[in-house]
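The values are calculated or read from the model by the stated rules, or taken from the named source; none is laboratory data. Please read these numbers as outputs of a predicted model, since none were measured by experiment. Here Cβ is always computed from backbone atoms with ideal geometry, including for glycine, and neighbour counts include all displayed protein chains.
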Amino acid sequence: MDKVIEKKRFSKKTVITIVGIVVLIGVVAYGYSLSLNKVYRADSDKVTVSTVQYGDFEDVVLLNASVVPLTSVIVSSPEGGTVAEIYTENGASVVKGTPLLRIINPNALSNYTSSETSITEQINQLRKLRLDLEQNQRMMSQDMMDIENSLRTASRKYKLDSTLYAKKVITREEFNTSSQDYEYYMGRRKLLKQAVVIENQGRVMQLKQIDISIGRMNESLETIRQNIENMTIKAPVSGRLSSYDPVTGKSYGPNEMLGKIDVMQGYKLQAGVDEYYINRVKEGQSANCEFNGKTYQLTVRKVIPEVTSGQFQVELVFEGPSPQELRRGLSLQIKLTLSDNSKSLLVSQGQFFQSTGGTWVFVVKDGKATRRNVKIGRKNYLYYEVLAGLQKGEEVITSSYDQFSQYDVVELSK
């Protein structure tokens, strides 16, 4: 008798197919979750984790400063030229006026010589004009003396003829002749006096202008001669030569630096400061440094805001006498105070800041680090000031984020 065989609900093949589909869905779901929340697995030994602290924030910055003379004077040539002779060497002590080197510049010398000749000729012409004016004055004075003499003679004859004519001794014609002579010389004297006044006024103005012109030309001559003399470069002040390395035959342009003279009257410090602090470093701020076991107080005297290679320069001076043992070129570490200490949340400095700019960090909890937005304030040589986003005791990855800055989660494995 035949027996009815019941058909199984799920065949083996169907079960395998369903399991495969479930696994595939799980893999896809896991992959999708990873796409939404990217995870980077990092070796915990290769990252630095720091704990957020609460304490005094010392608002200072450490700087590496170089010792330089308090005053340095640049040595240069106004005209420029080729080095012909060198009289001193780098590092030598010089006094003001000591010849350092001589340069030659044929074109400039030729121009100076031509200008000197031209100005000398103009001065000679002005001096001749002055002599002509003085000669003209003497001639007018002579004419005045002649007229005065003739007038006196005519006056005596006129007075005498007046008496004789009144007594009928001479004729009217003779009297009229002496009268006309007298009036003629009187008129000539009046005209000559007016001419002398006008001549004197013009002569005084001309002589004054001539003297001014000659004075200016003499100043120009002196400048030309000084420029010729300046081809021998001399020490502008007393001190020690530095950055001085001329070579015979080398050409220098006008006002190009040939070297420096350090005035040995004290020292100052120069330091480069990270551009991060450019709005916070100001003249008058305090600093200190240690040298030979002693602490010295400093003041920021000058801030040079030009940024080069991510730094700007500051100059600091000692508040009292500088240490006797200081020498040019020594390096000192100084601590520049930006403001008073204050209580703050602190997180250790690290390379994470270069990746995030201080806008977010990876916060570690139970071996897993997740992104969190934060707000970073000031920084010193040890810590960043945390203004928002973190709590005391939380742990933060402070090493570089270059390998995982694009990820949302970092799993730390041992």
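All of Glu174, Glu183 fail the test of being more than 30 Å from Gln122 (Cβ to Cβ), of a type in the set (D, E, K, R), assigned to a helix (DSSP H, G or I) and touching a residue at least 12 places away in the same chain (Cβ under 8 Å), apart from Glu174. Restricting attention to the range 69-103, the residues that are assigned to a strand (DSSP E or B) and either in the same structural domain as Arg378 (by TED's automatic domain parsing) or not β-branched (Val, Ile, Thr) (or both) total 12. Could you please let me know if Thr308 is over 16 Å from Leu70 (Cβ atoms), out of contact with any Asp or Glu (no Cβ under 7 Å at 6 or more places or on another chain), loosely packed, with under 14 Cβ neighbours inside 10 Å and β-branched (Val, Ile, Thr)? In short, yes. Name the residue that is modelled with the lowest pLDDT, counting only residues in the range 361-408 that are aromatic (Phe, Trp, Tyr) and under 20 Å from Asn341 (Cα atoms). For the range 361-408, the residue satisfying everything is Tyr381. Consider the range 161-171 and keep the residues that are in a helix (DSSP H, G or I) and out of contact with any helix residue (DSSP H, G or I) (no Cβ under 6 Å at 6 or more places or on another chain). The one that is farthest from Met145 (Cα to Cα) is Ala166. Here Val263 meets each of (1) of a type outside the set (Gly, Ala, Ser); (2) out of contact with any Leu (no Cβ under 9 Å at 6 or more places or on another chain); (3) surrounded by 11 or more Cβ atoms within 10 Å (Cβ to Cβ) with one exception, condition (2). In the range 112-140, the residues that are surrounded by 12 or more Cβ atoms within 10 Å (Cβ to Cβ) reach residues that are among the hydroxyl-bearing types (Ser, Thr, Tyr) with C-beta atoms within less than 9 angstrom, at least six apart or across chains, in these pairs: Ser115/Ser220; Glu116/Ser220; Ile119/Ser220; Gln122/Ser213; Ile123/Ser213; Leu126/Ser213.
If I ask for residues that are more than 22 Å from the chain's Cα centre (by Cα) and either surrounded by 14 or more Cβ atoms within 10 Å (Cβ to Cβ) or assigned to a loop (DSSP other than H, G, I, E, B) (or both), which ones from the range 277-293 would you list?
Within the range 277-293, Ser286, Ala287, Asn288, Cys289, Phe291, Asn292, Gly293 qualify.
Are any residues in the range 294-344 in a strand (DSSP E or B), of a type in the set (Ser, Thr, Tyr) and without any contact (Cβ under 8 Å) to a residue 60 or more places away in the chain, and if so, which ones?
Listed by number, the residues that qualify are Thr295, Tyr296, Thr299, Thr308.
Condition check: among the hydrophobic types (A, V, I, L, M, F, W, C) and over 15 Å from Gln122 (Cβ atoms). Does Ile214 satisfy that? In short, no. Mind listing whichever residues of the range 247-266 are in a loop (DSSP other than H, G, I, E, B) and at negative phi? Correct list: Val247, Thr248, Lys250, Gly253, Pro254, Glu256. Entry remark, the range 66-88: residues being closer than 19 Å to Val263 by Cβ and more than 22 Å from the chain's Cα centre (by Cα) number 1 in total.
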